[in-house]
1. How big is the shadow of the Cα convex hull of segment 22-171, averaged over all directions, in nm²?
2. How big is the Rg/Rh ratio for segment 393-506, C-alpha atoms only, Rh by Kirkwood, two decimals?
3. What's the Kirkwood radius of segment 332-482 in Å, using all Cα pairs?
4. Suppose we take every Cα in segment 394-446 and form the convex hull; what volume per residue is that in Å³?
5. Order 486, 324, most accessible first, counting only protein heavy atoms with a 1.4 angstrom probe.
6. Send over the per residue convex hull volume for segment 103-178, Cα only, as a whole number of Å³.
7. Take each complete run of DSSP H in the chain, measure how far its Cα atoms stretch along the helix's own axis, and keep only those covering 20 Å or more with mean Kyte-Doolittle hydropathy at least -0.5; list them.
8. Which pairs break 18 Å Cα to Cα here: 232/328; 34/95; 418/438; 252/275; 367/469; 70/484?
Amino acid sequence: MKRFGLFFCFFLIINSTFLNAQKNSVLLTIDDHKVIEEEFQRIYDKNKVNISTGGVTSVDEYLELFINFKLKVIEAEKLGFDTIQSFIKEFEGYKKQLVSPYLIDNETNERLIEEAYERMLYEARVSHILIKLESDASPIDTVIAYEKAMEIRRRILKGEPFETVAKGSSDDPSVKNNGGDLGYFTVFQMIYPFENAVYRTEVGGLTYPVRTRFGYHIINVIDKRKARGKIKVAHIMLTIPRGTSLEVENQKKKLINELYHKIKQGADFPALAKKYSDDKGSARNGGELPWFGTGRMVEEFEKASFALTKNGEVSQPIRTSFGWHLIKRIDREEIPPFKKAKSGIKTKVTKGQRAEYSREVLINKLKEEYSFMEKEVNMPVKHDTVENVFVVKQEYLNPNAKLNDTLFSFLDKVYFQKDYVQYIQERISGETPVFRYKILYDKFVGNKILELEESRLEEKYPDYKYLLKEYHDGMLLFEITDQKVWSKAVNDTVGLKNYYKQNKKK
């Protein structure tokens with residue numbers, strides 16, 4: 001995808017001034033292709049910040065380059081370069097990247113970015129008890145799991161120690177070793193619903209059951225502290241595998257102390273790491289480890305690393321579950337200001353459950369904008385008032401049913417029962433829980449609304465339209481120049497030699 005980028009940017013770095021004109025009036029015609037002034041104006045406006053660097057100085061010169069550019073692009077289209085499978089695949093990749101920001105609710109996204117930064121400033125330590133429940137569990141199983149979680153919560157509130165209850169009831173396998181204590185963590189290190197519950201609960205608080213894709217959690221918020229940022233260290237590690245004899249353990253302890261005293265007397269830490277450290281991956285680089293923050297290392301190692309107060313300082317020997325360590329601080333960074341952190345946060349917010357939430361907000365707004373109408377009588381699931389349960393309507397289970405009735409409509413689109421059935425047949429097989437029909441129905445509706453929105457992006461957002469065109473035309477320019485100029489020049493040995501002879505003194 002990156003191959004035409006530098007070439008296209010080079011083309012766009014042009015300077016000039018451009019006269020005001022009617023945006024939709026035709027600037028030039030090439031064969032049957034009409035190019036409007038707005039396209040030219042946008043390319044110029046996008047690059048006029050480069051005027052001071054020199055280059056083209058008149059509208060005529062700028063226009064000449066633009067015309068040559070359009071001539072090449074149209075020729076590439078005539079030659080069918082835009083129908084080649086490799087071109088289509090690459091262009092669709094660009095398009096997918098460009099579309100993403102338009103298929104979320106920007107207002108919600110900004111709020112989520114600000115929320116994430118506020119949470120980034122703090123770290124929380126929690127314990128939890130997990131009552132495992134599949135994400136597509138039936139309503140009955142869900143109720144059973146919820147009631148079990150509530151009973152556990154009541155036991156803790158009555159005074160039973162959290163750790164004891166956790167070891168006796170939690171479905172989290174790690175509970176045997178940690179008693180439910182997850183240590184400290186910060187934003188993006190836990191799934192979003194879990195994170196939400198923790199940051200919205202005061203220290204000492206015990207949450208009600210929190211539902212995630214893993215099941216229900218009872219969370220005890222033990223502590224919150226100011227975030228410590230990131231740190232970069234080097235270490236020397238002497239491993240002590242499980243089952244190591246006492247004699248070998250004592251030898252390792254003696255060696256780590258000897259290395260510590262050598263370093264204190266001025267010995268070179270990287271040289272000792274290369275020679276003695278059992279962590280061969282970092283040893284090759286003098287013991288250096290990648291930057292890390294809270295929750296990335298075992299607790300003893302992390303605590304000792306952040307306890308170092310200045311660059312170059314070396315810890316006393318530290319024992320962890322891996323063995324003995326000497327830790328040298330290389331550098332440390334505090335949490336950056338919001339403006340500097342925003343870009344990285346935005347990338348994370350646009351993935352995972354936060355993105356799903358922002359997507360749902362947009363879908364609800366589009367429902368209103370597109371006058372979404374639903375025929376509830378034709379919905380796939382209904383409530384059986386006698387049995388007080390939800391059931392799938394028989395016509396949806398009958399393979400011979402016509403299913404021609406309208407399910408929902410919006411704008412000029414109408415979708416029928418059979419459209420939904422075709423959708424679910426591609427996603428389910430065999431016996432399927434009732435509620436799954438409803439979940440898939442909601443996804444079906446959301447997908448159809450977003451499909452329409454995507455098809456209208458060029459109409460609704462001129463910036464998107466022209467940026468997409470820039471990518472398209474830039475790729476075509478690269479292809480035709482590569483095939484008609486660069487590739488031929490590379491193969492023209494005689495021509496290259498003659499050119500060299502004629503110009504070697506310049």
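The values are calculated or read from the model by the stated rules, or taken from the named source; none is laboratory data. Nothing here was measured: the structure is a model prediction, and the numbers come from that model. Positions of Cβ are generated from backbone atoms using ideal geometry, with glycine treated the same way; all protein chains shown enter the neighbour counts. With ligands, DNA and RNA removed, areas are computed over all heavy atoms of the protein, side chains included. Shrake-Rupley method; radii C 1.70, N 1.55, O 1.52, S 1.80 Å.
1. Mean shadow area of the hull around the Cα atoms is 19.1 nm².
2. Answer for segment 393-506: 1.41.
3. With all distinct Cα pairs of segment 332-482 included, I get 19.3 Å.
4. Per-residue hull volume (Cα only) is 81 Å³.
5. Greatest to least solvent exposure: 486, 324.
6. Residue-normalised Cα hull volume stands at 168 Å³.
7. 59-78, 139-157, 434-455, 462-481
8. Cα-Cα > 18 Å for 34/95; 367/469; rest within.
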